[in-house]
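*Asks:* Next up is a structure, given as C-alpha cells.
Quick note: the coordinates plus some simple rules give every number you see, no bench work behind them. Computed from a predicted model, the values in this text were never measured in an experiment. As a convention, Cβ positions derive from the backbone with ideal geometry for all residues, glycine included, and neighbour counts pool all protein chains shown.
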Amino acid sequence: MLAILHPEFGLIGVAALECPPQALQPGGSRSGRFYYWIGEEYQWQGYGTQAMQLLHQLAGKIGVLHIFSTVDKTNIASQRALAKLGYQRLPFDIIGERPGYRYHHFGQPLNEAALHAVLTQLLTELNSGISLAPLAQAEPASQTLEPSQC
C-alpha cells in the first residue's frame, strides 16, 4: 500500500496492490488487484497515474503478470487514467459487485477466455465473494445448405 503525499498538505490519497500470497505460488494466478483513492481537490493532477506507475514497478519486481482494477462506468477520470497506462476494459459481467462496475486489465496479453480464467482464479485467491458470470458460449456456426440439399 502506498500513501500519496503532497509536499505541503500531507496525505492526499492511497493506492494499493492487493496480491494474495497464493497468487504468486506455483499454479497461482500471478495476479493482483489495484485500487486507489485520491481526495477530490487533488484529482486530475496526475497523482493517481504516478501511484499506478509505482505499483506497476512493484508488481513486476514480485512477479505479478496481471493487474486488475474495477471502475464505475461513471468515473471517467479513472477510466482515462487506466487507459493512459495501457489498461483494457474487460467485457465480463460481475456477480457480487455493485452494478455499473467493470474490470480493467493490465499485463501479459491473453485472449478473453484466458483472462476470464485468470481473473476468476484471482477472485477466488482473494476470497472476495465476487465472481464473474460465465462467458457466453459461441453460437455454433450455422450450416449453409447447398442448393442441391434444399
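*Asks:* Considering only Leu119, Leu82, Leu110, give the residue with the highest GNM mean-square fluctuation for the chain, with springs between Cα atoms whenever their separation is below 10 Å.
*Replies:* Leu110
*Asks:* Turning to a different aspect of this structure: Of [x] 10, 36, 31, 12, 5, 4, 2, 0, 0; [y] 10, 33, 28, 16, 10, 3, 0; [z] 12, 47, 35, 6, which is the value of P(r) over Cα pairs in 10 Å bins from 0, in percent derived from the coordinates here?
*Replies:* [x]
*Asks:* So, R0 is 35 Å and r is the distance between the beta-carbons of Gln108 and Leu2; what FRET efficiency does that work out to, to 0.05?
*Replies:* On the way: r = 23 Å, r/R0 = 0.66.
E(calc), rounded to 0.05, equals 0.90.
*Asks:* Which one of Ala113, Gly100, Ser78 has its Cα pushed farthest toward the positive end of the charge dipole of the chain, where Lys and Arg give +1 and Asp and Glu give -1 at the Cβ?
*Replies:* Projecting each Cα onto the dipole axis, the largest value belongs to Ser78.
*Asks:* Pulled fully out, how much extra length does the chain show between Tyr42 and Thr124, if you take 0.36 nm times their separation in residues and subtract their Cα-Cα distance?
*Replies:* 26.1 nm
*Asks:* Moving to a separate point now. When the dipole is taken about the Cα centre of the chain, and only Lys, Arg (+1) and Asp, Glu (-1) are charged at their Cβ, what size is it in debye, to the nearest 20?
*Replies:* In total the dipole reaches around 280 debye.
*Asks:* Further question: Could I have the simple spin-label model distance between Lys84 and Leu58, label points 7 Å from Cα toward Cβ, reported in nm to one decimal?
*Replies:* Going from the Lys84 label point to the Leu58 one covers 2.0 nm.
*Asks:* A further question on this structure: Just the number, please: percent antiparallel of the DSSP beta bridges in the chain, rounded to the nearest 5.
*Replies:* Details: 22 of 25 bridges.
Roughly 90 percent of the beta bridges in the chain run antiparallel, per DSSP.
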